[in-house]
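Working notes, beginning with the structure itself.
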Amino acid sequence: MNSHSIPRWRIGAVAVAAVLGLAACAPGSSTAGSTTPAAPTTAAPSSSAAPSSQTGASGSGSASADPSSPAGSSSSAPSSVSEPAITTDPVTLTVWDQEVRGGQNEQMKQLNDAFMKKYPNVKITRNSQSFDDLATTLRLALTDNEAPDVVQANNGRNTMGAFVTAGQLLPLNTYAEKYGWADRFPQSVLQYSTYSEDGKTFGTGNIYGLPQVGEVVGVFYNKKKLKALGLEVPKTWEEFGSALAAAKAAGEIPIELGNLDKWPAGHVFGPIQGQYVAADQITDLGLGNAGASWKTPENEAAAAQLADWVSKGYFNEGPNGTDYDAAWQALTKDQGVFLIGGSWLAADLEKAMKDNIGFFAPPPAAGKTVATTGGTGLPFAVTKSSKNPDVAAAYIDFITNDAAMEVLAKTGNLPVNRTAELAPKTGVQAEVFAAFGEVTTNGSLLPYLDYATPTAGDVLGQSLQDLIAAQVDPAEFTQQLEDDYAKFVGGN
């Protein structure tokens, strides 16, 4: 989406499922086969204790972990990685991120404070912007002589891929080896931040960043409203359709959607597409790989399903003119029964709705396995013009280490590592973690479709707005996407 986030890569349908088989194997835990890298040290690291809110492993029963130590005290395995030293001279590290919402912002504040306590010679200057704002300003910032040191860049070809092609991001292979990232992250996660040096091949080549979180798009719902309708959580796609019809008949808004910025509808279409189109076909389309096509009966059927929901009045009035935040906030005000959105919304929704908010993965059609959009959050990368690349790499290692995963979980985020180990016992976060595990182990985690080409985000967003506004039919919708996909594949 994320966050949009929005956030998102994979090489093939099987790889994608393995990618985030994280929930099952819990990389980074102290189980056999995991190697925990040690933290980089300075000549005089601070002895300050980390804030108490950052200690402890949520739902794991392990000992407290200090974010200033990647392994945390919960791991007894000795590190096989040497400790790269960073300068002890005063350093200002400029970081641009899009972690603006409650739990997202809180984890960044905690981890930044902990990093500066461990390295008192480093001052972090943070510039946090919305996903859309960052996507716009980052392109200009990276051409400037005073570019940020660390940036969160959307994995897609139109962002990270374009920056790699322009030589604006630093390959991190050397740091990956020093810090043992291949031991902490499975290749299926690292591939989401990997490009060839020329930016043409996505999923192999140089590592250009690391993510903090996993993401899964599912269905949030108002528990009291669903109960008042006399309904249970839908177990099949057909039951979900019946629930939407029942909500509409009762005078409720079935689904809240804020599509003013165009990308949110992609998180509605993606799960619908997963009911009609084979996962490997969606993966090829999403990654911009050759061999797939938008012009298939299955893709048109998915588009027709979305258009049908619009014609039946299953969305709030004027979704194309409704702001993204306004839509999810409407759910917190007892407006609407369902909201199809990303796991990154869980913390804010739970804060507002307490135990009245629920979450489930889009239920599969009869005879099929669960399939929905998801992946990793936006990775943190080092700019080529950074004057402090060693410090920048140490920072990225720090905010993605094992102890950082605990901070992420405690602040309502879905950690990309140690997922099953850190799952909460109750509440909507427990349901999010469970859905993530279900999709990654028993189903298909499908790529964000705006990854595909440098222009996919714009084309998909506009085409979805047109489909929702009934300005194009399903055949015209898929043709617009096919034109963009075919042009890119043919020229790449």
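Among the residues of segment 69-88, are any modelled with pLDDT of 90 or more and open to solvent by 60 Å² or more (accessible area, probe 1.4 Å)? Give the derivation first.
Our first condition is that a residue be modelled with pLDDT of 90 or more; within segment 69-88, this holds for 86-88.
Of the ones still in play, those that are also open to solvent by 60 Å² or more (accessible area, probe 1.4 Å) are 88.
Looking for residues that are modelled with pLDDT of 90 or more and open to solvent by 60 Å² or more (accessible area, probe 1.4 Å), one finds at least one in segment 69-88, hence yes.
Evaluation of residue 242 against the conditions (1) more than 25 Å from the chain's Cα centre (by Cα); (2) among the hydroxyl-bearing types (Ser, Thr, Tyr); (3) buried (at least 24 other Cβ atoms within 10 Å of the Cβ) shows that the sole unmet condition is (3).
When residue 344 is tested against (1) at pLDDT 95 or above; (2) under 19 Å from residue 461 (Cβ atoms), exactly one condition is not met: (1).
If you check 431, 482, 476, 421, which single one turns out to be charged (D, E, K, R), open to solvent by 10 Å² or more (accessible area, probe 1.4 Å) and within 18 Å of the chain's Cα centre (by Cα)? Step through it out loud before you land on a result.
Values: 482 fails: within 18 Å of the chain's Cα centre (by Cα); 476 fails: within 18 Å of the chain's Cα centre (by Cα); 421 fails: within 18 Å of the chain's Cα centre (by Cα).
The unique qualifying residue is 431.
Looking only at segment 444-476, residues that are of a type in the set (Ser, Thr, Tyr) and under 16 Å from residue 489 (Cα atoms) come to 3 in all.
For segment 344-374: of the residues being open to solvent by 10 Å² or more (accessible area, probe 1.4 Å) and among the polar types (S, T, N, Q), which is farthest from residue 448 (Cα to Cα)? Among those residues, the one meeting the criterion is 356.
Selection of segment 192-210 for residues being open to solvent by 10 Å² or more (accessible area, probe 1.4 Å) and not in a loop (DSSP other than H, G, I, E, B) yields 202, 206, 207. Screening 428, 407 for residues that are modelled with pLDDT of 95 or more, assigned to a helix (DSSP H, G or I) and within 18 Å of residue 345 (Cβ to Cβ) leaves exactly one candidate, 428. The residues of segment 214-238 that are closer than 20 Å to residue 283 by Cα and touching a Gly at 6+ places or on another chain (Cβ under 6 Å), listed by number, are 215, 216, 217.
Examine segment 314-333 for a residue that is assigned to a strand (DSSP E or B), touching a strand residue (DSSP E or B) at 6+ places or on another chain (Cβ under 6 Å), among the aromatic types (Phe, Trp, Tyr) and farther than 26 Å from residue 108 by Cα, and state whether such a residue exists.
Filtering segment 314-333 for residues assigned to a strand (DSSP E or B) gives 315.
So of that shortlist, the ones also touching a strand residue (DSSP E or B) at 6+ places or on another chain (Cβ under 6 Å) come out as 315.
Subset that is among the aromatic types (Phe, Trp, Tyr): 315.
With farther than 26 Å from residue 108 by Cα added as a condition, the list becomes 315.
Taking every residue of segment 314-333 in turn, at least one turns out to be assigned to a strand (DSSP E or B), touching a strand residue (DSSP E or B) at 6+ places or on another chain (Cβ under 6 Å), among the aromatic types (Phe, Trp, Tyr) and farther than 26 Å from residue 108 by Cα.
How many of the residues in segment 401-418 are over 14 Å from the mean Cα position of the chain (by Cα), of a type in the set (Val, Ile, Thr) and over 26 Å from residue 222 (Cβ atoms)? Let's see the steps before the verdict.
Of all residues in segment 401-418, those over 14 Å from the mean Cα position of the chain (by Cα) come to 401-407, 409-411, 418.
Now restrict to residues that are of a type in the set (Val, Ile, Thr): 407, 411.
From what's left, over 26 Å from residue 222 (Cβ atoms): 407.
Within segment 401-418, residues that are over 14 Å from the mean Cα position of the chain (by Cα), of a type in the set (Val, Ile, Thr) and over 26 Å from residue 222 (Cβ atoms) number 1.
Output the residues belonging to segment 276-297 that are within 26 Å of residue 339 (Cβ to Cβ), open to solvent by 10 Å² or more (accessible area, probe 1.4 Å), out of contact with any strand residue (DSSP E or B) (no Cβ under 6 Å at 6 or more places or on another chain) and not in a loop (DSSP other than H, G, I, E, B). If the condition is that a residue be within 26 Å of residue 339 (Cβ to Cβ), open to solvent by 10 Å² or more (accessible area, probe 1.4 Å), out of contact with any strand residue (DSSP E or B) (no Cβ under 6 Å at 6 or more places or on another chain) and not in a loop (DSSP other than H, G, I, E, B), then 276 is the only one that fits.
Residue 303 falls short on exactly one of the conditions (1) touching a helix residue (DSSP H, G or I) at 6+ places or on another chain (Cβ under 7 Å); (2) assigned to a helix (DSSP H, G or I); (3) of a type in the set (A, V, I, L, M, F, W, C); (4) within 15 Å of residue 219 (Cβ to Cβ), and that condition is (4). When you check residue 115 against the structure, is it assigned to a helix (DSSP H, G or I) and within 20 Å of the chain's Cα centre (by Cα), yes or no? Criteria not met by residue 115. Counting only residues that are among the β-branched types (Val, Ile, Thr) and over 22 Å from residue 347 (Cα atoms), segment 211-255 holds 2 of them. When segment 89-112 is filtered for residues that are outside any helix (DSSP H, G or I) and open to solvent by 70 Å² or more (accessible area, probe 1.4 Å), the ones remaining, listed by number, are 89, 90, 92.
Do we have residue 389 as open to solvent by 10 Å² or more (accessible area, probe 1.4 Å) and at pLDDT 95 or above here? Write out each step before concluding.
Numbers: open to solvent by 10 Å² or more (accessible area, probe 1.4 Å): yes; at pLDDT 95 or above: yes.
Answer is yes for this residue.
To keep it simple, each residue is scored yes or no on (1) under 23 Å from residue 433 (Cβ atoms); (2) part of a strand (DSSP E or B); (3) open to solvent by 10 Å² or more (accessible area, probe 1.4 Å); (4) among the small types (Gly, Ala, Ser).
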{"site": "171", "(1), (2), (3), (4)": "no, no, yes, no"}
{"site": "176", "(1), (2), (3), (4)": "no, no, yes, yes"}
{"site": "189", "(1), (2), (3), (4)": "yes, no, no, no"}
{"site": "219", "(1), (2), (3), (4)": "yes, yes, no, no"}
{"site": "225", "(1), (2), (3), (4)": "no, no, yes, no"}
{"site": "232", "(1), (2), (3), (4)": "yes, no, yes, no"}
{"site": "235", "(1), (2), (3), (4)": "yes, no, yes, no"}
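The values are calculated or read from the model by the stated rules, or taken from the named source; none is laboratory data. Predicted, not measured: the structure shown is a model, and the values here were computed from it. Neighbour counts are summed over all protein chains in view; Cβ atoms, including those assigned to glycine, are modelled from backbone coordinates with ideal geometry. Keep in mind that these areas ignore ligands, DNA and RNA; they rest on the heavy atoms of the full protein, side chains included. Shrake-Rupley method; radii C 1.70, N 1.55, O 1.52, S 1.80 Å.
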